[in-house]
Amino acid sequence: MKNTTKLVIATLSSILLFSSMNLAVEAASTQSVSDRAVKTAAVKPKAENEGEKLEKEEQARIAELLEKNPDDTYMVYVSNEVTKQKKAKVYSMGNSFPKFDTYKDYQKKASTLKDTVLKQPADLPEGYQFVTAGITGPYSTEYTKEMEAEAKKLGKKIYSKKINWTRANGIVLEYANGENQLFLEYKRLDPKQPVKQKGYVYESAEEVRKKYPKLGVEYTNNTLYWFEKGKQFTIVTNPDNPLTKEDLIKLAKTMVLSNK
């Protein structure tokens, strides 16, 4: 159960970050990369080698493209000859972590994705309204081998390309009824992470506090979770939320949609 516990705590972390409109992003966030490219001229630069100059030029070029089409996503490859490290680096620029203020806008994006997405449950409890949604798109690590192979084939030390991603690594839908919150989450698991848990598991905030007394207050919520074919699904509510385990299981049965 230790591995399962870690997965659940990680899920709660991402939900809490999302609730403050800060979904987990890669180490080199797309926004910060774009900002650095655009603001480079405003900062007094240190002495740069030719590779660093070429990388900044590429970032600036992509930043201009993103100004015209901010929802696009690009992957950037920088060889180890440029980084002066043992390994090359690959990072994303653009909107690979979109957020949505309306369910209609979320649906529009979700309809373009293959495999698993979330939808509003058929029997959403009375009084609950959609608040926001977020989708975690591709991680740069998924493109490392591909980008490196293409760059070498083209003989480029710095290489980038636009990607049209169609598979989500995670989705969160947030609903609220006054002070009561309801989070629905889907998360793709690492294939190397074995999960033996079967069926629905429910833990109340009180049970969590007793089991993990050192756990931060922000993590002590009511949680229902289950696993299916390398994917984790979670429903989280605030400690004082009146929705019961049975209520959450009812929602769980209609919140998952598999696109072809």
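The values are calculated or read from the model by the stated rules, or taken from the named source; none is laboratory data. Note that the structure is predicted; figures quoted are calculated from it, not measured. Neighbour counts run over all protein chains shown; Cβ positions are idealised from the backbone, glycine included.
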Subject >> Candidate set from the stretch 235-252 (those that are surrounded by fewer than 16 Cβ atoms within 10 Å (Cβ to Cβ) and either free of Cβ contacts under 8 Å to residues at least 12 places away in the same chain or of a type in the set (A, V, I, L, M, F, W, C) (or both)); member that is nearest to Gln181 (Cα to Cα) >> reply: Thr244
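Scan the stretch 123-156 residue by residue and report those that are among the aliphatic types (A, V, I, L, M) and touching a helix residue (DSSP H, G or I) at 6+ places or on another chain (Cβ under 7 Å).
Narrowing the stretch 123-156 to residues among the aliphatic types (A, V, I, L, M): 124, 131, 133, 135, 147, 149, 151, 154.
Correct list: Ala133, Ile135.
Consider Gly170 carefully, then state whether it is within 22 Å of Pro70 (Cβ to Cβ), in contact with a helix residue (DSSP H, G or I) (Cβ under 6 Å, 6 or more places away or on another chain) and buried (at least 18 other Cβ atoms within 10 Å of the Cβ).
Considered against the rule, which asks whether it is within 22 Å of Pro70 (Cβ to Cβ), in contact with a helix residue (DSSP H, G or I) (Cβ under 6 Å, 6 or more places away or on another chain) and buried (at least 18 other Cβ atoms within 10 Å of the Cβ), Gly170 comes out as no.
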Original post:
Which condition number in (1) within 21 Å of the chain's Cα centre (by Cα); (2) closer than 27 Å to Val256 by Cβ; (3) in contact (Cβ under 8 Å) with a residue 40 or more places away in the chain is the one that Asn180 fails?
Top reply: (1)
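So that you can scan it fast, the table gives a plain yes or no per residue for (1) closer than 21 Å to Lys253 by Cα; (2) surrounded by fewer than 18 Cβ atoms within 10 Å (Cβ to Cβ); (3) touching a strand residue (DSSP E or B) at 6+ places or on another chain (Cβ under 7 Å); (4) of a type outside the set (A, V, I, L, M):
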| residue | (1), (2), (3), (4) |
| --- | --- |
| Ser140 | no, no, yes, yes |
| Gln181 | yes, no, yes, yes |
| Glu185 | yes, no, yes, yes |
| Leu189 | yes, yes, yes, no |
| Tyr202 | yes, yes, yes, yes |
| Glu218 | no, yes, no, yes |
Subject >> Filter result for the condition that a residue is of a type in the set (Phe, Trp, Tyr), in contact with a Ser or Thr (Cβ under 8 Å, 6 or more places away or on another chain) and over 30 Å from Gly51 (Cα atoms), over Tyr200, Tyr225 >> reply: Tyr225
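Based on what the data block shows, is Glu52 of a type in the set (D, E, K, R), at pLDDT below 95 and surrounded by fewer than 19 Cβ atoms within 10 Å (Cβ to Cβ)? Explain how you work it out, then say what you get.
Values: of a type in the set (D, E, K, R): yes; at pLDDT below 95: yes; surrounded by fewer than 19 Cβ atoms within 10 Å (Cβ to Cβ): yes.
Here the answer is yes, as Glu52 does meet what is asked.
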Subject >> Cβ-Cβ under 9 Å pairs, at least 6 apart or on other chains, the stretch 61-85 side more than 14 Å from Lys161 (Cα to Cα), far side assigned to a strand (DSSP E or B) and among the hydrophobic types (A, V, I, L, M, F, W, C) >> reply: Ser79/Ile158; Val82/Ile158
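Looking at the structure I just gave you, is Tyr175 at pLDDT 95 or above, in contact with a strand residue (DSSP E or B) (Cβ under 7 Å, 6 or more places away or on another chain), farther than 28 Å from Ser258 by Cβ and not hydrophobic (A, V, I, L, M, F, W, C)? Break it down stepwise before answering.
On the way: at pLDDT 95 or above: yes; in contact with a strand residue (DSSP E or B) (Cβ under 7 Å, 6 or more places away or on another chain): yes; farther than 28 Å from Ser258 by Cβ: no; not hydrophobic (A, V, I, L, M, F, W, C): yes.
No.
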Original post:
Is the stretch 36-44 home to any residue that is assigned to a loop (DSSP other than H, G, I, E, B) and modelled with pLDDT of 90 or more?
Top reply: no
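Kindly state which strands (runs of 3 or more DSSP E) lie completely within the stretch 133-236 and contain at least 1 residues that are among the aromatic types (Phe, Trp, Tyr) and touching an Asp or Glu at 6+ places or on another chain (Cβ under 8 Å). If you could, list the steps in order and put the result at the bottom.
Working: elements: 158-163, 170-177, 180-188, 201-203, 222-228.
Output list reads 158-163, 180-188.
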